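Data block below; observations after.
The values are calculated or read from the model by the stated rules, or taken from the named source; none is laboratory data. Note that the structure is a prediction, hence the values are computed from the model and not measured. When we count neighbours, we look across all protein chains shown, and the Cβ atoms used for this are built from the backbone with ideal geometry, even at glycine.
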Amino acid sequence: MEAQYADRFPQVYDRYWLPYPRRIGAALRELHQKLAPDAERRMLDVGCGTGIVTAAFQQDGYEVTGVDISAAMLARARERLGAAATLIQADASDFQLEQRFPLAVSTYDIPNHIGDLDRIRSYLKCVYAAVSPGGWFVFDVATLTGLRSINNAQVRETEDAILLYRGALDEAAGRGIYRISGVTRAPDGRYDRFQVTITNYVVPIDRLLDLVREVGWQEPYLATTSDLTTPLVDVDTALAEQPRVFVICRHP
Ligand SMILES: C[S@@+](CC[C@H](N)C(=O)[O-])C[C@H]1O[C@@H](n2cnc3c(N)ncnc32)[C@H](O)[C@@H]1O
């Protein structure tokens, strides 16, 4: 797993993947202030990557903690968040923290990275243990519709990178693999070869919600990425149309 997000990937991630986490970081901060206006300003970001969402909270005065499996992503998060952030290299389905948090978030398809439902159950349990009573957990998950966009091939060419993206989703096997390869510009101006292969797993949303309840989270609701406060009513239509949805749930 670590190898998936190693080397030059943080640079490429921040170049191409930044808009969604930046937008959703601001939306999550607003959501928390609506759900728990009096809560302490401390948060945990599980699968924090380069810390884009984490930074949205930090900029609003939150004390932030990030967990990620990739040392390379955490190194970039450290540059972004500075010494005040607590950053921990750990597997999201196997970690334990001393502190508990009034809010945990986890964005950009972390359950789809984690794998099968047993590992996802462990992830939900680890986060449960890290959230204080009455606290919230807000995370997104890619739908099958979203994962179908893995079936794609495209070239992106900019001043600092030429990247070829190729992917294929095997729906019967419940997983998709995509490869990004090409060259990126190093700090010394030369171009380095770059390649990552990333696996995303299909996560059935009804089974995910069963696990959320089984672990102890209360009153989970689904929402779209453009409106986190309104529980989805027509879930089937949303799952058919949206690339990802949010699960919002509370620690009893
Ligand atoms: C698509 S990035 C999302 C990063 C960040 N949440 C954001 O929204 O920008 C996925 C992140 O999940 C991390 N990741 C994947 N599997 C993980 C696992 N089992 N435990 C912890 N982190 C994991 C990767 O290292 C990567 O940083």
*asked:* Given the criterion modelled with pLDDT of 95 or more and surrounded by fewer than 19 Cβ atoms within 10 Å (Cβ to Cβ), identify the matching residue among A173, A186.
replied: A173
*Which of the residues belonging to segment 15-26 are within 12 Å of the ligand (Cβ to nearest atom), modelled with pLDDT of 90 or more and either buried (at least 18 other Cβ atoms within 10 Å of the Cβ) or in a helix (DSSP H, G or I) (or both)?*
P19, Y20, P21, R22, R23, I24, G25
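Output yes when any residue across segment 60-72 is in contact with a Lys or Arg (Cβ under 7 Å, 6 or more places away or on another chain) and of a type in the set (D, E), and no when none is.
Checked segment 60-72: at least one residue is in contact with a Lys or Arg (Cβ under 7 Å, 6 or more places away or on another chain) and of a type in the set (D, E).
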*What about G115, is it over 25 Å from R250 (Cβ atoms), more than 12 Å from the chain's Cα centre (by Cα) and more than 9 Å from the ligand (Cβ to nearest atom)?*
no
*Collect the residues in segment 100-136 that are within 17 Å of D68 (Cβ to Cβ), at pLDDT 95 or above and not hydrophobic (A, V, I, L, M, F, W, C), keeping them in residue-number order.*
S106, T107, Y108, D109, P111, N112, H113, R119, S122, Y123
*Residues that are in contact with a Ser or Thr (Cβ under 9 Å, 6 or more places away or on another chain) and more than 17 Å from G135 (Cβ to Cβ), drawn from segment 34-51*: G47, C48, G49
*Could you identify the single residue in V64, V46, V12 that is within 13 Å of the ligand (Cβ to nearest atom), at pLDDT below 95, surrounded by 15 or more Cβ atoms within 10 Å (Cβ to Cβ) and not aromatic (F, W, Y)?*
V12
_List pairs: first residue in segment 187-205 and within 26 Å of A238 (Cα to Cα), second residue in a strand (DSSP E or B) anywhere in the structure, Cβ distance under 6 angstrom, at least six positions apart or on different chains._
I198/Y178; T199/R175; T199/I177; N200/G176; Y201/R175; V203/V141
*Does L228 meet the test of being surrounded by 12 or more Cβ atoms within 10 Å (Cβ to Cβ) and touching a residue at least 60 places away in the same chain (Cβ under 8 Å)?*
yes
*Could you pull out every one of the strands (runs of 3 or more DSSP E) wholly within segment 58-175 that has 2 or more residues that are within 21 Å of A26 (Cβ to Cβ)?*
63-68, 101-106, 131-142
